[in-house]
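The values are calculated or read from the model by the stated rules, or taken from the named source; none is laboratory data. The shown structure was predicted, so the numbers you read here are calculated from the model rather than taken from an experiment. For neighbour counting, all protein chains shown are included, and Cβ atoms are generated from backbone atoms with ideal geometry for every residue, glycine included.
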Amino acid sequence: MSDRGYIVVTGGAGFIGANLVQALNERGEDKILIVDHLSSGIKWKNLLGLKFWDYIEKDDFLQALEEERFGKIKAIFHLGACSDTTVKDLQYLYRNNFVYSVKLCEYAIERDITFIYASSAATYGDGSLGFRDDEELLESLRPLNAYGFFKHLFDLWVKRRGLLNRVVGLKYFNVYGDKEFHKGEMRSVVLKAYEQIKKEGKVRLFKSYNPRYEDGGQLRDFIYVKDAVAITLFFYDNPHLKGIYNVGTGKARSFNDLVKAVFSSLGLSPAIEYIDMPENLRKQYQYFTEADINKLQRGGYSGPLRSLEEGVREYVRFLEENYSFFVS
């Protein structure tokens with residue numbers, strides 16, 4: 001365990017955050033402050049088995065920082081946010097996903113603390129401008145939903161204040177894996193497919209309303225959470241690297257491919273039903289995402305990235321062993 005100060009993980013009881021804490025524990029780090037909002041759900045189960053110094057509610061954390069309650073902090077992984085793309089309360093998203101990020105970033109910059117934050121592939125909008133993490137292209141991006149907009153707004157705030165050479169922003173693509181049970185409708189299609197197969201023996205996918213894509217042929221860059229965490233820690237280990245980077249595999253795959261991988265992992269033949277997409281999603285739906293990871297690779301990242309089949313197989317194995325605990 002390092003004695004050089006605390007590591008703060010906001011969203012540390014959440015999906016990527018709890019996996020990050022687990023990975024830090026595996027390195028011998030346990031001087032960790034977890035910041036989150038547990039509410040009344042099952043997110044608390046993500047903290048079981050993790051080693052950390054303290055837990056604090058997100059609404060109390062900024063004041064605690066101002067009062068210098070924690071002493072020295074060596075790094076902040078700011079992963080906490082409302083990730084529900086259907087939320088309509090823009091004032092809440094503004095305060096929670098933008099203002100909170102600004103205050104935390106300002107605190108880190110003033111004290112020369114490592115600051116790594118979660119952006120999102122949702123900032124790329126419909127993908128018509130590509131998925132290149134070129135900071136010169138930030139101004140031209142057009143997100144399709146409010147979640148993506150406020151993530152984009154913070155990226156722009158960082159750029160316009162000349163901080164891209166002092167912080168790291170990570171545009172996570174479609175991350176899936178364990179510790180996502182609390183996410184409701186925002187949980188991955190892998191988990192949804194697993195649950196549907198167990199209950200009904202089939203999986204429902206949205207029909208396509210774009211003639212370029214067959215039903216279930218919509219494409220996403222799916223990345224296994226452990227690979228996403230490994231990339232996140234790469235920037236922690238290489239503090240000379242700053243700026244905005246994509247976190248994906250660089251290989252788009254279809255929802256049909258994903259669901260077939262779940263069936264295969266369970267030793268079953270595919271059974272897929274295509275259903276209408278809700279009207280409120282059709283205008284903000286991304287038919288294609290694929291991370292351009294050239295910048296990441298130029299920065300020196302050479303870690304293995306699981307194929308969709310490998311990641312799904314590992315995740316389904318975890319679900320078979322642990323599903324009942326997390327949903328009971």
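Out of Lys183, Lys159, which single residue is surrounded by fewer than 22 Cβ atoms within 10 Å (Cβ to Cβ), in contact (Cβ under 8 Å) with a residue 12 or more places away in the chain, closer than 17 Å to Leu79 by Cα and not β-branched (Val, Ile, Thr)?
On inspection, the qualifying residue turns out to be Lys183.
When you scan segment 112-131, do you find a residue that is charged (D, E, K, R) and more than 23 Å from Leu62 (Cβ to Cβ), even just one?
yes
For segment 82-126, give me the residue count where each residue is of a type in the set (Val, Ile, Thr), over 24 Å from Ile231 (Cβ atoms) and assigned to a loop (DSSP other than H, G, I, E, B).
Residues meeting the conditions: 2.
Give the residue, chosen from Asp36, Asp89, that is exposed (fewer than 14 other Cβ atoms within 10 Å of the Cβ) and acidic (Asp, Glu).
Just one listed residue meets the conditions, Asp89.
Name the pairs whose Cβ atoms lie under 6 Å apart, with the first residue in segment 94-114 and within 20 Å of Lys72 (Cα to Cα), the second assigned to a helix (DSSP H, G or I) and at pLDDT 95 or above, and 6 or more positions between them or separate chains?
Ser101/Phe154
Can you tell me which residue is surrounded by the most Cβ atoms within 10 Å (Cβ to Cβ) among those in segment 199-227 that are of a type in the set (Lys, Arg) and within 13 Å of Val259 (Cα to Cα)? Before the answer, list the steps.
Applying the first criterion (of a type in the set (Lys, Arg)) to segment 199-227 yields 199, 202, 204, 207, 212, 220, 226.
Restricting the remaining residues to those that are within 13 Å of Val259 (Cα to Cα) gives 202, 204, 220.
Numbers: Lys202: 15, Arg204: 14, Arg220: 23.
Among those that are of a type in the set (Lys, Arg) and within 13 Å of Val259 (Cα to Cα), it is Arg220.
Residue under question is Val262, and the condition is that it be farther than 26 Å from Gly28 by Cβ, touching a residue at least 60 places away in the same chain (Cβ under 8 Å) and part of a helix (DSSP H, G or I); does it hold?
So Val262 fits the description; yes.
From Glu68, Glu29, which residue is in contact with a Ser or Thr (Cβ under 8 Å, 6 or more places away or on another chain) and either surrounded by 14 or more Cβ atoms within 10 Å (Cβ to Cβ) or not in a helix (DSSP H, G or I) (or both)?
Testing whether each residue is in contact with a Ser or Thr (Cβ under 8 Å, 6 or more places away or on another chain) and either surrounded by 14 or more Cβ atoms within 10 Å (Cβ to Cβ) or not in a helix (DSSP H, G or I) (or both) leaves just Glu29.
Which is over 21 Å from Leu163 (Cβ atoms), over 19 Å from the mean Cα position of the chain (by Cα) and not hydrophobic (A, V, I, L, M, F, W, C), of Lys88, Lys58?
Lys88
Yes or no: Gln286 in contact with a Gly (Cβ under 9 Å, 6 or more places away or on another chain) and touching a residue at least 12 places away in the same chain (Cβ under 8 Å)?
Against the criterion (in contact with a Gly (Cβ under 9 Å, 6 or more places away or on another chain) and touching a residue at least 12 places away in the same chain (Cβ under 8 Å)), Gln286 qualifies.
Are any residues in segment 93-133 among the small types (Gly, Ala, Ser) and on the phi < 0 side of the Ramachandran plot, and if so, which ones?
Ser101, Ala108, Ala118, Ser119, Ser120, Ala121, Ala122, Ser128
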